[in-house]
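A short worksheet on the structure shown next.
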Amino acid sequence: MSSVYYRKDVGLDVHVSVDLDGNYIAWVPELPGCVAGDETLEGALREITYSMDAVLDVLKMDDPVRYRQITLGVETTSKQTQFDCESTEHFAEAC
C-alpha cells in the first residue's frame, strides 16, 4: 500500500511506500525513472523533490511539448514547492 502526495507547483502525484527494511521509497508515475528513497518520509520526499526537479529541467529543455503535457500547464513562480495540504514540511498528502 502506498500514500499519495501532491506537488502543486508541478501538478504531479508522488507515491510513497515502505519497503521490507522500513525505508521509504517515493516515485512519480508520470516521470519514468524518477525514484528516490530514504530512511524517513521527510527524507524520501526531499530526495524525490530533487529528482523531480532534475528530470523536469531536462525534459523542459529536450521536449517542451511533453513537459507542458506532464505539468498540465502549471506555472511555477518560484523555486519553493507549494502543496495543497500540510502533512509534512515539503509535501501534502492528497486530501
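Things to note:
- Close amide H partners of V14, meaning residues 5 or more places away or on another chain with modelled amide H under 5 Å apart, are Y5, Y6, R7.
- One decimal place: the segment M1-M61 gains 18.1 nm when fully extended, by the rule 0.36 nm per residue minus the C-alpha distance.
- Contour excess over end-to-end distance, with Cα ends at Y50 and N23 and 0.36 nm allotted per residue: 7.9 nm
Every read-out reported here was derived from the displayed coordinates using simple, explicitly stated rules and does not represent laboratory data. Given the structure is predicted, the values throughout are model-derived calculations rather than measurements.
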